[in-house]
Amino acid sequence: MPVWLREHSWRQTASAVYLSLPVRGLRVTPGSIFCTDRYLKVSIPPFLFEAVLYAPIDDTNSTAKIGNGTIFFTLYKKEAAMWDSLTLANANKEKLQCVRENAVLKAHEKAKEEAEAKKVTKQEHKKYALEATMKLEEAERKRIEDLKEKERQKVTKELELWKKQQEDAAKQKRVQKEGELHQEVEQLKERKKEKMNKTRVPNEGTSKTRLKATKGHGSYSMFSENLKEEQLPAPRSAATIKINFTSRVFPTALRESRVAEEEEWLRKQAEARRTVSADLSELEDLKEEEKNPEWLKDKGNKMFATGNYLAAVNAYNLAVQLNNKLPLLYLNRAACHLKLRNLHKAIEDSSKALELLTPPVPDNKNARIKAYVRRGTAFCQLELYTEGLQDYEAALKIDPKNKTIEKDAEKIRHLIQGTTEDS
Amino acid sequence: LFLKKIEKAKPLKCGTFGATSLQQRYFATGDFGGNLNIWNLEAPEIPVYSVKGHKEIINSIDGVGGLGIGEGAPEIVTGSRDGTVKVWDPRQKDTPVANMEPVQGESKRDCWTVAFGNAYNQEERVVCAGYDNGDIKLFDLKTMSLRWETNIKNGVCSVEFDRKDVNMNKLVATSLEGKFHVFDMRTQHPTKGFASVSEKAQKSTIWQVRHLPQNRDIFMTSGGAGSLHLWKYEYPAQRSKKDSEGAEMGVAGSVSLLQNVTLSTQPISSLDWSPDKKGLCVCGAFDQTVRVLIVTKLNKV
C-alpha cells in the first residue's frame with residue numbers, strides 16, 4: 001500500500017502552473033517522476049503522489065526541479081486559461097485507471113519516437129563523418145598526384161632542353177669541322193708544294209691517295225685517325241689460357257640431369273631395403289640382429305677382410321635368403337668366390353649384381369665398376385679371355401681414368417693376341 | 001623516331017659499341033652461328049671485320065678501348081656456348097689475340113657472359129667470364145693467366161665491372177634464382193680471393209646488371225619477372241683488413257635497394273644507361289618492346 005503524499009501547494013499564472021511538493025528526506029531521481037500531458041505522478045516507494053491534471057499541459061517543455069527537500073514543478077499549460085483546481089474533481093477509480101493506462105501508453109509511444117529520432121540522427125552523423133573522411137583522403141591523394149605530375153613535367157622539360165642542346169652542339173660541331181677540313185686541305189696543298197722540291201717521292205704518293213680518299217662524312221677524321229693509330233699499341237701476341245671447370249654433382253644443370261633414371265634408382269634401393277623374403281620358418285631360431293641383412297653384410301665384410309672367405313660366404317648367403325634385392329650382397333659374395341676360386345659362382349653373382357644395378361646412374365658407378373672387374377677376372381681365370389676383355393672394357397668406359405683397369409685390359413689384350421698367334 | 005632497319009642472315013644475340021672510336025661508330029655483333037662481325041652502320045651490306053670465332057652461339061660480347069674511354073688497343077671479347085672466351089683485335093684478322101678454352105678432355109660449360117675491366121693503362125686489361133655452372137673466372141691479359149676463379153653455385157647471367165677504365169674497383173655478378181654478388185676487387189687475398197656481399201632480390205633470374213656511368217656505386221638489375229631494381233652500394237669503414245697470417249683481405253660493404261618498378265610480365269633481358277643524360281636508360285624485354293625510362297633524383301642519392 002503506497003503512502004500518499006498529500007501536502008502539496010500550487011499556484012498558477014495564465015500560462016503556467018507552479019507546483020511544489022515537499023519530499024523531506026527522500027531520495028528523488030529523475031526516474032521517479034512520470035508526466036504526460038494530463039497526468040503527473042511522483043513515485044518514491046513507498047511514497048506516491050499523483051495528479052490527474054485539470055487541463056492538458058505541454059509535457060515536453062515542463063520542468064521539475066529537485067532540491068531542498070522539495071520537487072518544484074513548472075508546468076506549461078497548453079491553453080492559457082485559469083484552472084479551477086490542480087486536479088480534476090470526481091475522479092473515480094475506473095477513470096483514474098483509464099487515465100493512468102493512457103498515460104503509460106502515451107509515454108511509451110513518446111519514448112519510441114524519441115529513440116527512432118535518435119537513431120536517424122545518429123545515422124546521419126555517421127554518414128556525414130564518412131563523407132568528410134572520404135573528402136580528406138581524396139584531397140591527400142590528389143596532392144600526391146599533383147606532386148608526381150609536376151615532377152614528370154619538370155623532367156620532360158629538362159629532357160627536351162637537353163635534346164635541343166645536343167642538336168645545337170652537333171650542328172655547331174659540323175660547321176666547325178667543315179671549316180677545319182677546309183683549312184687542312186689547303187695546308188696539305190701547301191705542304192705538297194714544298195715536298196715537290198725534296199726527294200721523298202713515296203710519301204707524296206700516299207698523301208695524294210689520302211686526298212683522293214676524302215669524300216663525304218667521316219673524311220675529316222682520317223687525319224686524326226692515322227695519327228692515333230701510331231699511338232695505339234700493336235695487337236697483342238696471341239696466347240691461350242687453359243681453364244678447368246668446377247664439376248657439378250647432383251644437382252646438375254637441368255638439361256644434363258638424369259633425373260628420371262636417378263629417381264628410379266633411388267626407388268629401387270628403397271624397395272630393396274624393405275623386402276624381406278617370405279620363408280622365415282628356418283630363421284625363427286636366429287637372433288634378432290642376425291635377421292638384419294645389413295648387419296649380415298657387415299659381418300661378411302669383416303670376415304672377408306680377415307681372410308675367412310667361407311664364413312663370409314655363409315653370411316652373405318643368409319643375407320640373400322632374407323633379402324634378395326640388395327646388389328651389394330651379390331657383389332661381395334662374388335669377391336669371396338673369386339678368392340675361393342669358385343669362378344662360375346663368381347660370374348653368376350657378378351651378373352646378378354649388375355642386373356640389380358640398373359638403371360646406370362652416377363650413384364652406383366663404383367659398384368658397377370667392381371662388378372665388371374670381378375666378372376672379368378673370373379672369365380680370365382677360366383681362360384675365357386675375350387669375355388673377360390669385354391667386361392674390362394665396360395668397366396673402363398664407366399671410369400676412363402682408372403689406371404689399374406687400363407693396365408689389366410692391356411694385359412688381357414696381349415694374352416689374346418699371344419694365344420691367337422699360337423693357334 | 002625509327003631510323004633504319006637492317007636485316008642479316010643469322011639472328012644476332014649481342015652487340016657492343018665498346019671497341020670503336022667515337023667517329024667511326026662501328027657496331028660489333030655476335031650471332032647465333034658463332035660469327036663475330038663489325039658493321040659500319042652507314043654501309044651495312046658488308047661487315048668491316050668478320051670472323052667465325054666460335055663453333056656455337058656467341059652469348060655475350062664486350063668491347064674496350066673505344067669511345068674515348070680508357071687507354072690501349074681496342075679489343076672485343078666474346079663468350080660462347082662452346083665454353084671458350086676469345087679476345088679479338090679488329091686490326092688482326094682471323095685469329096684471336098687471346099683464347100680461354102677448357103683443358104683437353106674437360107667437359108665444356110657454356111659461357112654466358114663476359115666483361116672487360118682494369119683497363120687503366122695501355123698494358124693492363126682483365127676479362128671476367130661467367131659460366132652456366134656458376135663459375136666466375138678472371139683472366140689477366142697482360143700476364144695471359146687465370147688470376148682468380150670462384151663458383152657462386154647458380155649459373156652466372158651477367159657480370160660487369162663498375163668502371164672498365166680504372167683500377168678494378170667492384171664487380172657485380174648476377175645469377176639464376178634472383179641472386180647477385182658484389183665483389184670488392186681492390187684487395188685480393190691469396191687463398192680467399194675477393195670479398196663479396198650478396199643479395200637475393202627477385203624470385204626469378206636476374207638477367208642483366210648495369211652501372212650508372214655517372215656514379216659507379218649505383219647499378220640497376222633487370223629481372224625475369226619484368227622488374228627493374230635500382231641499388232646503391234655503400235663502402236665499409238675500412239676496405240681491407242689483415243687476417244690471422246697478416247695477409248691483406250678485402251672487406252665487402254653493403255647494398256641497399258633504392259627503388260624498383262615492374263614494367264612487364266616478361267623478362268627484361270637487356271638494359272643500358274645513357275652516357276650523356278644522367279638517369280636515362282633503355283631496356284628491351286621478351287614482350288618485344290623497347291622501353292626508354294628516366295630515373296629522377298639521382299643527384300640526391
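Any read-out appearing in this document is the output of simple, stated calculations on the displayed coordinates, not a laboratory observation. Note that the structure is a prediction, hence the values are computed from the model and not measured. All Cβ positions, even for glycine, are placed from backbone atoms using ideal geometry, and neighbour counts span all protein chains on display.
Points to keep in mind about this one:
- Verdict on B:Trp231 being more than 14 Å from chain A (Cβ to nearest Cβ), touching a residue at least 40 places away in the same chain (Cβ under 8 Å) and not aliphatic (A, V, I, L, M): no
- Subset of the stretch B:226-252 [of a type outside the set (D, E, K, R) and under 21 Å from the mean Cα position of the chain (by Cα)]: B:Gly226, B:Ser227, B:Leu228, B:His229, B:Leu230, B:Trp231, B:Tyr233, B:Ala252
- Consider the stretch B:148-173 and keep the residues that are more than 10 Å from the chain's Cα centre (by Cα), part of a strand (DSSP E or B) and more than 10 Å from every other protein chain (Cβ to nearest Cβ). The one that is farthest from B:Pro213 (Cα to Cα) is B:Trp148.
- In the set B:Gly83, B:Gly53, B:Gly66, B:Gly15, only one residue is crowded, with 21+ Cβ neighbours inside 10 Å and either among the polar types (S, T, N, Q) or within 22 Å of B:Leu271 (Cβ to Cβ) (or both); that residue is B:Gly66.
- For the stretch B:227-242, the set of residues classified as more than 23 Å from B:Lys297 (Cα to Cα) and part of a loop (DSSP other than H, G, I, E, B) consists of B:Pro236, B:Ala237, B:Gln238, B:Arg239, listed by residue number.
Yes/no matrix, rows are residues, columns are (1) in contact with a Lys or Arg (Cβ under 9 Å, 6 or more places away or on another chain); (2) in contact (Cβ under 8 Å) with a residue 60 or more places away in the chain; (3) loosely packed, with under 11 Cβ neighbours inside 10 Å; (4) away from chain B (no Cβ under 14 Å):
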site: A:Ala81; (1), (2), (3), (4): no, yes, no, yes
site: A:Ala111; (1), (2), (3), (4): no, no, yes, yes
site: A:Ala129; (1), (2), (3), (4): no, no, yes, yes
site: A:Thr156; (1), (2), (3), (4): no, no, no, no
site: A:Leu159; (1), (2), (3), (4): yes, no, no, no
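- Note on the stretch A:1-54: among residues that are among the acidic types (Asp, Glu) and not in a strand (DSSP E or B), the one that is nearest to the chain's Cα centre (by Cα) is A:Asp37.
- Selection of the stretch B:110-147 for residues being within 11 Å of the chain's Cα centre (by Cα) and more than 17 Å from A:Pro235 (Cα to Cα) yields B:Trp112, B:Thr113, B:Val114, B:Ala115, B:Gly117, B:Cys128, B:Ala129, B:Gly130.
- Verdict on A:Ile412 being under 57 Å from the mean Cα position of the chain (by Cα) and surrounded by 14 or more Cβ atoms within 10 Å (Cβ to Cβ): no
- Of the strands (runs of 3 or more DSSP E) entirely within the stretch B:1-100, those holding at least 3 residues that are more than 24 Å from B:Val292 (Cα to Cα) and within 14 Å of chain A (Cβ to nearest Cβ) occupy B:75-80, B:85-88.
- Residue identified as closer than 30 Å to B:Pro190 by Cβ, assigned to a strand (DSSP E or B), in contact with a strand residue (DSSP E or B) (Cβ under 6 Å, 6 or more places away or on another chain) and of a type in the set (A, V, I, L, M) among B:Val261, B:Val255: B:Val255
- Boolean, B:Arg109 is crowded, with 21+ Cβ neighbours inside 10 Å, at the interface with chain A (Cβ under 10 Å from one of its Cβ atoms), of a type in the set (D, E, K, R) and in a loop (DSSP other than H, G, I, E, B): yes
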